[in-house]
Structure formats: structure tokens, C-alpha cells
Amino acid sequence: MGKRKEVLSKVAINDRIHELGKQITADYSGKKVVLLGVLNGAFIFLADLCRAIDLDLEIDFIRVASYGDATHSSGTIRLSKPSEIDLKGKDVILVEDIVDTGHTMAWLINHFAEIGANSVKVCTLIDKTERRAVDVSIDYPGFSLNKGFLIGYGLDHAEIYRNLPEIFSLDG
């Protein structure tokens, strides 16, 4: 991979997460909230986000498998690690590192609504619209970015760079 160029600083990320936490706290006062992190990328974001939310929360992680080759999804999606929390009647916030095409997020929203969640909302660190193929509502966007191959703060390239405290764009 080529050079790294900083796109979002630690301070910018931290400030935005605290804003999201305050907004979620206000929106969900008195409700049974479950944060569902989508592995692997969302674990860092979810860890910081949950500490910025002043509510009693349930937290779990899910893993999604999408069949296809390395560059294209076939559109066949399944939960390879479902939630271990009973979500019926609860308000679910899906926490994702990046929403790109929207296929997976649209599938997840539908899936959790079908199994009886009271509501399903999306909180993503990066709302990347460049390749959006499915109209999906991002209820709590961290940052809206259009271009770039992004790494850091949970985002990876071949499972590395997740541990970087900032977000970078990789050039060719």
C-alpha cells in the first residue's frame, strides 16, 4: 500500500463521539437500549461510544458473513455470530465502523425488525456515500466522507491498521 494521509484526528474523533453520545442519551432516555457492534471494525468505536452514553445499556456484538469473492459481495448475507441478547421489544442501535454500499446495513435493519426489536437505528463512525447502492438511513453519522480507502480506529486493510488512533486514507 502507498502513503497514509490523515483524514480525521484523535481529537476530532473523540469530540464527535461525545456529541453522538449526548444525542443518543437524549433520544433514548427511559428506553431499553441495546448497542450491537458489528465485528470486527466497530469494536473500538463502540467502546468509546458506550462510555459517552449516560444510560443503562446492554451491549453485544454480531458478526456478518457475506458470500462472494474478495472484491464483490454476492449479496448473500447471514449472521455468523448472532446477538446473544433477546432483542424483542428493545431499542437496538447498530454500531458500525463504516457504511459503504449499504447492503449489509439494510439487511441487518430488516433482520432485527423482523425478530421483534422495538426499533432499529444505525450509528456509524463513517458514512461513506461514494459506493452507496442501497438507500439506508444513517440515524447517527459520525462523519460523512465520500472518497478514499480508509484505515485506522477500527478500519482495516487485510486485518491490519485497526489499532491506529486516527483515521487515514491510503493512496494506491
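Filtered by the rule that a residue be within 18 Å of residue 9 (Cβ to Cβ), of a type in the set (Ser, Thr, Tyr) and either touching a helix residue (DSSP H, G or I) at 6+ places or on another chain (Cβ under 8 Å) or crowded, with 19+ Cβ neighbours inside 10 Å (or both), region 135-172 gives 153, 161. Within region 72-97, the set of residues being hydrophobic (A, V, I, L, M, F, W, C) and at pLDDT 95 or above comprises 85, 87, 92, 93, 94, 95. Selection of region 145-172 for residues being under 13 Å from the mean Cα position of the chain (by Cα) and either small (Gly, Ala, Ser) or in a loop (DSSP other than H, G, I, E, B) (or both) yields 153, 154. Checked against the criterion of being under 30 Å from residue 10 (Cβ atoms), modelled with pLDDT of 95 or more and either of a type in the set (A, V, I, L, M) or in contact with an Asp or Glu (Cβ under 8 Å, 6 or more places away or on another chain) (or both), the candidates 128, 121 yield just one match: 121. Pairing each residue of region 1-22 that is touching a residue at least 40 places away in the same chain (Cβ under 8 Å) with any residue that is exposed (fewer than 13 other Cβ atoms within 10 Å of the Cβ), provided the two are 6+ apart or on different chains, yields C-beta distances under 6 Å for 2/171; 2/172; 3/171; 10/165.
Just so you know, in region 28-52 the residues that are of a type outside the set (S, T, N, Q) and farther than 21 Å from residue 126 by Cβ include one that is surrounded by the fewest Cβ atoms within 10 Å (Cβ to Cβ), and it is 30. The condition of being buried (at least 21 other Cβ atoms within 10 Å of the Cβ) and hydroxyl-bearing (Ser, Thr, Tyr) holds for residue 124.
The values are calculated or read from the model by the stated rules, or taken from the named source; none is laboratory data. None of these values were measured; they are calculated from a predicted model. Please note: Cβ atoms are built from the backbone with ideal geometry, for glycine as well, and neighbour counts cover all protein chains shown.
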